[in-house]
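Have a look at this one before I ask anything.
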Amino acid sequence: MDDITATSGQKSSRTIQSVSRALNILEVLSKAEGEMPLGEIARATKLNVSTCHHILLTLMTRGYVAQNNRGRAYYLGTKILELSSNRARQFSLAELAMPELRRLNAVTGENVHLAVIQGNDLVALAQLDSPKVVQVNMEAISLTNAAHATAIGKSILAWLPENEIERIIEQKGLPQFTPSTLTEVDELTESLRLVRRFGFAIDREEFLPGVICIGTALRDYSGTVLGSISCTLPASRADDDNIENVKQAVLDCVAELSGKLGRPKGDS
């Protein structure tokens with residue numbers, strides 16, 4: 001059983017000891033000039049050799065630590081590089097997209113989001129608020145479990161392999177946020193089919209009451225979906241003409257940004 005440690009200070013926090021020890025090992029290995037033997041790692045982390053060895057074995061099975069062919073020394077595994085590369089790519093995507101996101105924000109006067117799916121979670125990489133007095137306040141709202149209930153999430157889900165969609169649904173379920181939320185797999189499947197057919201997604205108060213969202217997938221040169229971009233607006237401004245204008249602005253924004261990512265203009 002993991003020991004839970006309470007630390008004193010301005011705010012009390014509780015930490016899981018085994019996780020903390022594993023992170024200490026990774027930090028020690030990250031600072032090493034080369035490979036490190038077990039005894040040296042144990043001394044640096046102030047662990048007994050047996051405990052250190054068991055944690056290293058766990059980290060090795062997940063790819064965070066590797067061992068040399070002689071089996072006597074350890075170093076950071078490729079999983080660390082993968083995580084670093086993924087995070088760097090996300091930062092680069094947000095930075096690359098920002099000029100177009102600002103332009104979309106100015107053209108529509110509505111909230112703009114750039115989001116990706118990380119593992120099973122829908123995560124916003126960038127958000128620009130509407131300059132209008134009446135706007136949707138999204139600052140404290142998490143999208144984590146809402147891929148099925150948001151245009152920005154469905155824009156990505158629609159293009160994932162079927163087994164990945166099933167995995168996300170299995171892990172996250174289809175929680176109901178409003179009376180309009182799609183909570184049945186068949187309903188969601190049909191909604192995603194329409195996203196693929198028309199090239200954009202729309203949610204009408206499926207995630208937040210009184211809020212409409214329009215989004216579409218962002219692709220690179222190979223057609224791979226990197227994330228999605230959306231505009232969110234209050235239902236009071238969601239008449240047919242404005243919906244059409246916002247939809248076209250989102251599509252134009254994504255087409256321009258996809259072009260910067262090497263995708264030929266006109267490819268859907």
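The values are calculated or read from the model by the stated rules, or taken from the named source; none is laboratory data. The structure displayed is predicted, hence computed values, not measured ones. For neighbour counting, all protein chains shown are included, and Cβ atoms are generated from backbone atoms with ideal geometry for every residue, glycine included.
Table: residues versus (1) in the same structural domain as Leu128 (by TED's automatic domain parsing); (2) surrounded by 22 or more Cβ atoms within 10 Å (Cβ to Cβ); (3) aliphatic (A, V, I, L, M).
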{"residue": "Ile165", "(1), (2), (3)": "yes, no, yes"}
{"residue": "Gly173", "(1), (2), (3)": "yes, no, no"}
{"residue": "Arg197", "(1), (2), (3)": "yes, no, no"}
{"residue": "Gly215", "(1), (2), (3)": "yes, yes, no"}
{"residue": "Ser230", "(1), (2), (3)": "yes, yes, no"}
{"residue": "Pro234", "(1), (2), (3)": "yes, no, no"}
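Among strands (runs of 3 or more DSSP E) lying entirely in the stretch 154-268, which contain 1 or more residues that are hydrophobic (A, V, I, L, M, F, W, C), under 19 Å from the mean Cα position of the chain (by Cα) and more than 20 Å from Leu128 (Cα to Cα)?
In the stretch 154-268, the matching strands (runs of 3 or more DSSP E) lie at 225-234.
Have a look at Arg219, Arg204, Arg196, Arg237 and point out the one that is under 19 Å from Leu125 (Cα atoms) and basic (Lys, Arg).
None of the others qualify; the one that does is Arg219.
So is Ser230 small (Gly, Ala, Ser), at pLDDT 95 or above, out of contact with any Lys or Arg (no Cβ under 9 Å at 6 or more places or on another chain) and within 16 Å of Trp159 (Cβ to Cβ) or not?
In short, yes.
Tell me which of these Ala66 doesn't satisfy, since it passes every other one: (1) surrounded by fewer than 19 Cβ atoms within 10 Å (Cβ to Cβ); (2) under 25 Å from Leu192 (Cβ atoms).
Checking Ala66 against (1) surrounded by fewer than 19 Cβ atoms within 10 Å (Cβ to Cβ); (2) under 25 Å from Leu192 (Cβ atoms), the one that fails is (2).
Could you run through the stretch 215-250 and say how many residues are free of Cβ contacts under 8 Å to residues at least 24 places away in the same chain and among the charged types (D, E, K, R)?
Looking only at that region, the number is 4.
One residue is enough: does the stretch 97-106 have a residue meeting the conditions part of a helix (DSSP H, G or I), modelled with pLDDT of 90 or more, of a type in the set (S, T, N, Q) and in the same structural domain as Thr183 (by TED's automatic domain parsing)? Talk me through it step by step, then tell me what you get.
To start, the set of residues in the stretch 97-106 that are part of a helix (DSSP H, G or I) comprises 97-106.
When the remaining residues are screened for being modelled with pLDDT of 90 or more, the result is 97-106.
Retained after the next criterion (residues that are of a type in the set (S, T, N, Q)): 105.
If we keep only those that are in the same structural domain as Thr183 (by TED's automatic domain parsing) as well, we get 105.
Yes: one or more hits.
Looking only at the stretch 120-154, filter to residues that are modelled with pLDDT of 90 or more and of a type in the set (Gly, Ala, Ser); which one of those is farthest from Val185 (Cα to Cα)?
Top of the filtered list is Ser130.
Going by the structure shown, is Val185 surrounded by 15 or more Cβ atoms within 10 Å (Cβ to Cβ), of a type in the set (A, V, I, L, M, F, W, C) and touching a residue at least 12 places away in the same chain (Cβ under 8 Å)?
Spelling it out, it is not the case that Val185 is surrounded by 15 or more Cβ atoms within 10 Å (Cβ to Cβ), of a type in the set (A, V, I, L, M, F, W, C) and touching a residue at least 12 places away in the same chain (Cβ under 8 Å).
Mind checking which residues of the stretch 117-131 are closer than 23 Å to Ala235 by Cα and touching a residue at least 60 places away in the same chain (Cβ under 8 Å)?
Ser130
Give the residue, chosen from Leu128, Leu218, Leu192, that is under 18 Å from Ala249 (Cβ atoms), touching a Lys or Arg at 6+ places or on another chain (Cβ under 7 Å) and of a type outside the set (S, T, N, Q).
Leu128
Which residue pairs have Cβ atoms closer than 9 Å, lie 6 or more positions apart in sequence or on different chains, and pair a first residue in the stretch 251-262 that is more than 16 Å from Ile152 (Cα to Cα) and assigned by TED's automatic domain parsing to the domain that holds Val195 with a second residue that is of a type in the set (Phe, Trp, Tyr) and part of a helix (DSSP H, G or I)?
Pairs that qualify, where the first residue is more than 16 Å from Ile152 (Cα to Cα) and assigned by TED's automatic domain parsing to the domain that holds Val195 and the partner is of a type in the set (Phe, Trp, Tyr) and part of a helix (DSSP H, G or I): there are none.
Can you pull out the residues in the stretch 89-116 that are of a type in the set (A, V, I, L, M, F, W, C), in contact (Cβ under 8 Å) with a residue 60 or more places away in the chain and within 28 Å of Arg237 (Cβ to Cβ)?
First, pick out the residues of the stretch 89-116 that are of a type in the set (A, V, I, L, M, F, W, C): 91, 93-94, 96-98, 101, 104, 106-107, 112, 114-116.
So of that shortlist, the ones also in contact (Cβ under 8 Å) with a residue 60 or more places away in the chain come out as 93, 96-97, 101, 104, 107, 112, 114-116.
Once the filter is applied, which keeps residues that are of a type in the set (A, V, I, L, M, F, W, C), in contact (Cβ under 8 Å) with a residue 60 or more places away in the chain and within 28 Å of Arg237 (Cβ to Cβ), the stretch 89-116 yields Ala97, Leu101, Leu104, Val107, Val112, Leu114, Ala115, Val116.
Checking Glu139 against (1) surrounded by 15 or more Cβ atoms within 10 Å (Cβ to Cβ); (2) among the charged types (D, E, K, R); (3) assigned to a loop (DSSP other than H, G, I, E, B), which test does it fail?
Against the list (1) surrounded by 15 or more Cβ atoms within 10 Å (Cβ to Cβ); (2) among the charged types (D, E, K, R); (3) assigned to a loop (DSSP other than H, G, I, E, B), Glu139 comes up short only on (1).
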